[in-house]
Amino acid sequence: MIYFLRGTVHSFGIDYVIIDCNGIGYYVNFCEQGQISLGQTVTVYTYQQFREDAQLLYGFLDVKELDLFEKLISVKGLGPKTAMTMLASANFNDLINAIENGEIDFLTRIPSLGAKTSKQIILDLKGKLVEDANNNSEGKISQALDEAIVGLKNLGYKAYEINAVVGELKKMEGLNTDQYLKEGLRLLLQRKGG
């Protein structure tokens with residue numbers, strides 16, 4: 001599983017970016033073209049989809065957008081392309097607020113999203129996204145901490161377990177990814193009584 005790619009923007013189009021990682025070009029479905037430029041070094045957090053006919057990568061510049069994307073595609077009848085359209089068409093916080101407040105009108109204005117799917121999104125996700133909106137409104141946490149969070153997920157910790165220690169990790173400013181990862185593991189083990 002590829003959790004993130006760090007490399008240089010080789011090229012990009014309306015709905016994709018090609019990232020050069022040490023001479024290997026990764027094609028990533030991507031909707032944040034306004035925030036990248038050719039030759040720029042970027043870290044893109046990815047979701048890898050396996051299909052019978054293809055292996056696809058969907059990429060995001062912020063790990064919180066990846067988390068929301070994964071929650072959206074867990075909704076019955078909602079695929080990765082529609083979830084990408086939602087994230088490209090609406091502001092992160094506005095989208096979360098619309099789901100939390102049951103605003104079907106807001107959701108149905110998003111291209112390729114009908115009333116039935118909008119109701120299903122609200123039914124499945126309402127009450128599960130408030131913490132995401134609060135965390136995002138505090139401003140983007142450091143890239144090193146973002147990468148450590150991805151690492152903790154990779155080690156099998158659940159989002160609710162990680163969210164319980166993120167507040168404490170944010171207070172530890174200036175650490176690198178490995179240091180945040182070690183501190184995160186220490187805090188998680190303390191919570192489990194280890």
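Listed values for the stretch 59-67 are Karplus-derived 3J(HN,Hα) couplings in whole Hz (6.51 cos²θ - 1.76 cosθ + 1.60, θ = phi - 60°), namely x, 9, 7, 10, 5, 5, 5, 4, 4, and x replaces Gly and Pro. Distance from the alpha carbon centroid of the stretch 1-24 to that of the stretch 39-104 works out to 17 angstrom. Placing +1 on the Cβ of every Lys and Arg and -1 on the Cβ of every Asp and Glu, with no other charges, gives the stretch 141-188 a dipole of roughly 140 debye about its Cα centre. Here the dipole of the chain is about 480 debye; that uses its Cα centre as origin and unit charges on the Cβ of Lys and Arg (positive) and Asp and Glu (negative). Take the Cα radius of gyration of the chain and divide it by 2.2 N^0.38 Å, N being the number of residues; the result is 1.06.
Connecting C-alpha atoms closer than 10 Å in a GNM of the chain, tell me which of 16, 45, 58 has the biggest fluctuation. Result for the chain, Cα springs under 10 Å: 16 fluctuates most. Annotation for the stretch 151-187: trypsin sites (Lys or Arg not before Pro) lying in DSSP loop with at most 15 further Cβ atoms inside 10 Å of their Cβ are 158, 171.
Ignoring lysines fewer than eight residues from residue 119 along the same chain, the ones with Cα atoms less than 22 angstrom from its Cα are 71, 76, 81, 128. Each of 54, 38, 108 was placed along the dipole of the stretch 7-114 (beta-carbon charges, centred on the mean Cα), and the one lying farthest toward the positive end is 54. Under 5 Å from the amide H of residue 16 lie the amide H atoms of 30, each residue being 5 or more positions distant or on a separate chain, with H modelled from the backbone and absent for Pro and chain starts. Filter the trypsin sites (Lys or Arg not before Pro) in the stretch 1-101 to those in DSSP coil with at most 11 other Cβ atoms within 10 Å of their Cβ, and list the result. The qualifying sites are 51, 76.
Bear in mind that the values in this text are calculations on the coordinates, not laboratory data. Quick caveat, the model's predicted, so the values are computed rather than measured. All Cβ positions, even for glycine, are placed from backbone atoms using ideal geometry, and neighbour counts span all protein chains on display.
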